[in-house]
Amino acid sequence: MSIVRNLAGIAKGMSITFGEILEPTQVENYPDGKGPLRGAIFEQRFRGAHVLQRDENGLEKCVACFLCAAACPSNCIFIEAAENTEETRISSSERYAKVYNIDYNRCIFCGYCVEACPTDAITHGHGFELATLNATNLVIRKADMLLPVAALTAK
């Protein structure tokens with residue numbers, strides 16, 4: 001009796017497989033779609049590559065408080081702080097992040113760094129093309145993550 005039941009289960013599974021073979025293929029229009037994301041559709045809570053934000057004056061929001069690095073379970077964030085001077089203002093606070101690196105070899109995109117940031121300086125963007133053949137290319141530096149000043153005027 002169990003052999004008949006097993007054969008019936010296999011037949012049911014194969015009927016679904018053969019039914020799907022006859023249906024037309026459905027694909028998303030990526031990478032040839034229209035627009036800046038070329039056809040990619042993101043869900044509301046998508047966690048992409050990190051972005052360092054600027055305030056309305058164009059200064060960096062990161063005040064080098066190290067809370068994002070402390071909250072990171074994979075220990076992939078490296079920050080080196082420096083002091084602002086009156087001649088060179090990088091952020092609106094006393095300190096700024098001189099070095100801000102995220103090692104995507106270790107990052108698990110958990111979002112704890114975004115939640116821990118008191119100034120909303122780090123967010124998840126929509127960058128998803130992170131694949132590379134060289135692991136050293138996955139250490140993303142501050143210059144690569146920082147929102148350009150031109151993006152503030154475009155809003």
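For this structure, a couple of remarks:
- Residue in the stretch 50-66 that is more than 24 Å from residue 150 (Cα to Cα), within 23 Å of the chain's Cα centre (by Cα) and in the same structural domain as residue 148 (by TED's automatic domain parsing) present: yes
- Conditions (1) at pLDDT 95 or above; (2) within 18 Å of the chain's Cα centre (by Cα); (3) more than 16 Å from residue 114 (Cβ to Cβ): number failed by residue 37: (1)
- Residue count for the stretch 50-87, restricted to those that are surrounded by fewer than 18 Cβ atoms within 10 Å (Cβ to Cβ), in a loop (DSSP other than H, G, I, E, B) and not polar (S, T, N, Q): 8.
- Each residue in the stretch 88-124 was checked for being over 28 Å from residue 43 (Cβ atoms), part of a loop (DSSP other than H, G, I, E, B) and not polar (S, T, N, Q), and 3 pass.
- Residues satisfying the stated conditions in the stretch 39-49, i.e. surrounded by fewer than 13 Cβ atoms within 10 Å (Cβ to Cβ) and not acidic (Asp, Glu): 41, 42, 44, 45
The values are calculated or read from the model by the stated rules, or taken from the named source; none is laboratory data. No experiment lies behind these values; they were computed from the predicted model shown. Note that each Cβ is placed from the backbone with ideal geometry, even for glycine, and that neighbours are counted across all protein chains shown.
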